[in-house]
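Here is the structure we will look at, set down as structure tokens.
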Amino acid sequence: MIYHLYKLPMVKTDNKRVTLRDGQILHIGGIKVECLLVPGHTWGHMVYLIDDEYLFTGDTIWFGADGGYSFISTLAESNRVAVRNLEKLEVNLRARKRRIAVITGHTGWSDDLDFAFAHRDKLCSLFRKRVPDPEAPYDGYIEDDDTEEWARTVLLKKKA
């Protein structure tokens with residue numbers, strides 16, 4: 001239930017569930033997918049590094065106009081754990097010594113790790129509005145333009 005007001009529908013699937021491990025590498029149709037465990041938002045939250053170039057973070061990082069923060073504090077299982085694991089993620093990515101596009105679940109993307117992790121030790125709080133990045137493909141606060149058509153206008157370029 002969402003705030004005890006609405007019960008979400010039950011979704012059933014015949015797909016076999018597979019537990020992924022931290023550091024596990026999958027190869028799917030010629031694409032390399034590295035699974036990185038980053039608990040905090042949820043206890044089993046993972047991010048995925050695709051072909052060593054694109055990091056899909058989901059709800060791990062929130063980009064404001066002044067850089068990345070640990071995701072929205074009111075939506076985390078543990079803010080302390082989220083901040084600690086965001087630091088570990090940054091160390092992991094910097095050790096690779098390559099440009100990686102950090103793609104968030106709500107507030108755009110950046111291939112500047114300094115920007116992406118600028119405020120990794122701080123939480124994004126709904127009670128202290130963070131100015132969204134005007135250069136982001138969309139504003140995470142206003143999702144009425146959050147469509148596939150709009151998303152396709154902001155493509156990531158393949159690195160040579």
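Quick note: the coordinates plus some simple rules give every number you see, no bench work behind them. Just so it is clear, the model here is predicted, and its values are computed rather than measured. Methodologically, a virtual Cβ is constructed for each residue, glycine included, from the backbone with ideal geometry; neighbour enumeration extends over all protein chains shown.
Descriptive notes on the structure:
- Estimated FRET transfer efficiency (residue 91, residue 17; beta-carbon r; R0 35 Å; 0.05): 0.70
- In nm, spacing of pseudo-spin labels at residue 26 and residue 122 (7 Å Cα→C-beta vector): 3.5 nm
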